[in-house]
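One structure is given here, and the rest of the page talks about it.
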Amino acid sequence: MKKHFPLLKNQKNLSYLDNAATTQKPKICIDSIKEFYETSNANSHRGLYALSLKATKIHEWSRQYISKYLHVKSEEIIFTKGTTEGLNMIAIALEPIIKKSDNIISTELEHHANFIPWQQLAKRKDAKFKVVKYNEEKQELNNISKLVDKNTKIVAFTGMSNVTGEILNIENISKKIKLKNPKTIIIVDCAQLLAHKKLDLSKSNVDFMAFSAHKFYGPLGIGFVYGKYKQLEKLRPFLYGGNMISKVSNKESTWNSIPYKFEAGTIDTANVYAFAKTIEWLEIKDVNKLFKKEEQLKKYALKELEKTGAKIIGHKNSNYGSVISFSIKNIHPHDLATIADKHNVCLRAGHHCCQPLMDRLEIPGTTRISISFYNNKEDINKLIKAIKDAKRLLE
Amino acid sequence: MTEEIYKENILKENKRPKNNHKIIKPSHEGEHNNHVCGDIINFQLRINKNIIQAVGWTGKGCALCIGCASILSEEIKNKSINEVQKLEFSNLENLIKVHVPESRSECIKTPLFALKNSLKIKKGK
Ligand SMILES: Cc1ncc(COP(=O)(O)O)c(C=O)c1O
């Protein structure tokens, strides 16, 4: 598979195991950006000339492609800069409905991007912010609904942890939340999940989801929010400006239709297109087969890591994707990452933007590997060699 | 100066760090938290007539951070406050005899910032 990814093809010695941070880009992604600028570049949705119409068509084809991949309506896809922007925008848009007596729930497993916006929203409105504790054995996260009451306006949780790799049973959790309070708005951070599981949202109980293209082999700088149509109808615009209006006068403005009323300003059509083309390519290669391949390699990595005496967080059952955090006795994650770099192995060390989780685990940080379908056993073997080297130096 | 971070001296200091303990009756104490990784170092000093008479430090960190804290704590013994205040990143590199890459510079700055913070914070008697 590495041959389809120019960076990996050009740097044959590189073992890139930081895919949870961002994935490498396939040739189709890079080529599609070039293709757009060389054949179709214009500001979409504005010009009346053929070139602009062409750009608009490409933009809307991309939206449709992504919506079909997730089994949702194309109007339910709103382009953003990424997951962080998406989650923040939802938090701002929902602000008017939050009252002092309300509560908002999030979890200790969250990336800061799905934690701080809700914590701060609750603070601004004097509402209560409740945090579900992370507990590996007790699986508290599957029982988020326990904390839900009649005043719970929002529950925000992750589809897949960028630290432990745990994949939550989104639909099961959501169903229980809605049973307790049908009005509670459910928001899921899908930054990681998209790259490890094929989603069918046609019958989902989730109201909003946020995604980043760059974590699923697409370009940097774009992402999208999925919002249930009936929720989007109730929502005020996130941003004001060009293209999102219907009519503007000195006194009043009215808004364009959904999804355009949520897409103010010029959207990066080249990247949107490259992302849709990338997904199309992944589907041709059979995404489920690719996901199975990374699952196999994950099992191999877990086995080899255990042999080195590494302490692995989670992964005691099968509800985990190919993201593995571990620690090695007496070796600081940063030292291991630097030594691994000498072996041309890219891995991640630190708190991974998840400090509440680090506090709960009572550690400052972890070493993390995240595996893609383009990785192979050789990459894992090099990692193990780097760990042995670090132990020799530092223990 | 070497590009190789994990040289004998740093590794040795990391395994057996010097002055890695609290001291009796410190006059000054301060810490620094490396926000990149959560590492933390706390320095305690006993200063008399502007001269550092005793030094101790505690905390957790990577080999660079711990090694540097150890070397730094030896270096400042019997130095004046003025001399310590003048210490900069480049002095640290000279002290530990390693050229530290940008990606790891915070690791050795952590003990230095902790030390400088300790100069600012006088302990109540
Ligand atoms: C679980 C999770 N949520 C949110 C984000 C933020 O994504 P982005 O930086 O693309 O906005 C990340 C990225 O690391 C993540 O792993």
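The values are calculated or read from the model by the stated rules, or taken from the named source; none is laboratory data. The structure displayed is predicted, hence computed values, not measured ones. All Cβ positions, glycine included, derive from the backbone under ideal geometry; neighbour counts span all protein chains shown. When the accessible area is computed, the model is the full protein with side chains, heavy atoms only, and any ligands, DNA or RNA have been set aside. Shrake-Rupley method; radii C 1.70, N 1.55, O 1.52, S 1.80 Å.
Residues checked against (1) exposed (fewer than 12 other Cβ atoms within 10 Å of the Cβ); (2) within 21 Å of A:Gln64 (Cα to Cα):
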{"residue": "A:Glu233", "(1), (2)": "yes, yes"}
{"residue": "A:Tyr240", "(1), (2)": "no, no"}
{"residue": "A:Lys251", "(1), (2)": "yes, no"}
{"residue": "A:Thr254", "(1), (2)": "yes, no"}
{"residue": "A:Pro259", "(1), (2)": "no, yes"}
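Is it the case that A:Asp341 is more than 24 Å from the chain's Cα centre (by Cα) and within 14 Å of another protein chain (Cβ to nearest Cβ)? The answer is yes for A:Asp341.
Restricting attention to region A:8-26 and to residues that are closer than 15 Å to A:Gly218 by Cβ and either among the β-branched types (Val, Ile, Thr) or exposed (fewer than 14 other Cβ atoms within 10 Å of the Cβ) (or both), the residue that is nearest to the ligand (Cβ to nearest atom) turns out to be A:Thr22. Give just the number: which of (1) within 16 Å of the ligand (Cβ to nearest atom); (2) without any contact (Cβ under 8 Å) to a residue 40 or more places away in the chain does A:Phe129 not satisfy? (1) is the only condition that A:Phe129 fails. Going through (1) open to solvent by less than 10 Å² (accessible area, probe 1.4 Å); (2) within 11 Å of chain B (Cβ to nearest Cβ); (3) more than 19 Å from A:Asp189 (Cβ to Cβ); (4) among the aliphatic types (A, V, I, L, M) one by one, A:Ile380 falls short only on (2). Within region B:9-45, the set of residues being open to solvent by less than 70 Å² (accessible area, probe 1.4 Å), of a type in the set (D, E, K, R) and away from chain A (no Cβ under 14 Å) comprises just one member, B:Glu29.
Checking each residue in region A:219-231 for being surrounded by 23 or more Cβ atoms within 10 Å (Cβ to Cβ) and more than 16 Å from the ligand (Cβ to nearest atom) picks out only A:Gly227. Just wondering, is there one or more residues in region A:153-167 that are closer than 19 Å to A:Arg368 by Cβ, assigned to a loop (DSSP other than H, G, I, E, B), more than 11 Å from the ligand (Cβ to nearest atom) and not polar (S, T, N, Q)? No, every residue in region A:153-167 fails to be closer than 19 Å to A:Arg368 by Cβ, assigned to a loop (DSSP other than H, G, I, E, B), more than 11 Å from the ligand (Cβ to nearest atom) and not polar (S, T, N, Q). A:Lys138 - would you say it is within 26 Å of A:Ser372 (Cβ to Cβ), open to solvent by 50 Å² or more (accessible area, probe 1.4 Å) and among the basic types (Lys, Arg)? Spelling it out, it is not the case that A:Lys138 is within 26 Å of A:Ser372 (Cβ to Cβ), open to solvent by 50 Å² or more (accessible area, probe 1.4 Å) and among the basic types (Lys, Arg). When only residues in region A:185-218 that are assigned to a strand (DSSP E or B) and of a type outside the set (Val, Ile, Thr) count, which is farthest from the ligand (Cβ to nearest atom)? Taking the candidates together, the pick is A:Phe208. Among the residues of region A:85-123 satisfying the criterion of being farther than 15 Å from A:Thr184 by Cβ and outside any helix (DSSP H, G or I), which is farthest from the ligand (Cβ to nearest atom)? For region A:85-123, the residue satisfying everything is A:Lys100. Against the conditions (1) out of contact with any strand residue (DSSP E or B) (no Cβ under 8 Å at 6 or more places or on another chain); (2) within 13 Å of chain B (Cβ to nearest Cβ); (3) more than 25 Å from A:Gln24 (Cα to Cα), A:Pro364 satisfies every one except (1). Checked against (1) within 16 Å of the ligand (Cβ to nearest atom); (2) modelled with pLDDT under 95, A:Val323 passes all but condition (2). Given the condition of a type in the set (D, E, K, R), touching a residue at least 12 places away in the same chain (Cβ under 8 Å) and open to solvent by 30 Å² or more (accessible area, probe 1.4 Å), answer yes or no: does some residue in region A:264-273 qualify? Yes; the residues of region A:264-273 include at least one that is of a type in the set (D, E, K, R), touching a residue at least 12 places away in the same chain (Cβ under 8 Å) and open to solvent by 30 Å² or more (accessible area, probe 1.4 Å). In the set (1) open to solvent by less than 10 Å² (accessible area, probe 1.4 Å); (2) free of Cβ contacts under 8 Å to residues at least 24 places away in the same chain, A:Thr366 fails one condition alone, (2).
Among the residues of region A:75-84, not one is more than 11 Å from the ligand (Cβ to nearest atom) and among the small types (Gly, Ala, Ser). Pairs meeting the criteria (first residue in region B:55-69 and within 18 Å of A:His351 (Cβ to Cβ), second residue polar (S, T, N, Q) and buried (at least 24 other Cβ atoms within 10 Å of the Cβ), beta carbons under 6 Å, at least 6 apart or on different chains) are B:Cys65/B:Thr110.
Determine whether region B:68-79 contains at least one residue that is open to solvent by less than 20 Å² (accessible area, probe 1.4 Å), within 14 Å of chain A (Cβ to nearest Cβ), farther than 19 Å from A:Ile339 by Cα and within 13 Å of the chain's Cα centre (by Cα). There is at least one residue in region B:68-79 that is open to solvent by less than 20 Å² (accessible area, probe 1.4 Å), within 14 Å of chain A (Cβ to nearest Cβ), farther than 19 Å from A:Ile339 by Cα and within 13 Å of the chain's Cα centre (by Cα).
Going through (1) under 17 Å from A:His112 (Cβ atoms); (2) in a helix (DSSP H, G or I) one by one, A:Lys146 falls short only on (1).
Only one of the numbered conditions (1) farther than 26 Å from A:Cys353 by Cα; (2) open to solvent by 40 Å² or more (accessible area, probe 1.4 Å); (3) touching a strand residue (DSSP E or B) at 6+ places or on another chain (Cβ under 6 Å) is violated by B:Lys97, and that is (3). Among the residues of region B:59-80, not a single one is assigned to a loop (DSSP other than H, G, I, E, B) and hydroxyl-bearing (Ser, Thr, Tyr). Inspect region A:314-334 for any residue being within 14 Å of another protein chain (Cβ to nearest Cβ), closer than 25 Å to B:Ile66 by Cα, open to solvent by less than 10 Å² (accessible area, probe 1.4 Å) and assigned to a helix (DSSP H, G or I) and give the result as yes or no. No: zero hits.
In region A:12-24 there is at least one residue matching the filter, namely being within 30 Å of A:Asp341 (Cβ to Cβ), part of a loop (DSSP other than H, G, I, E, B) and more than 26 Å from the chain's Cα centre (by Cα).
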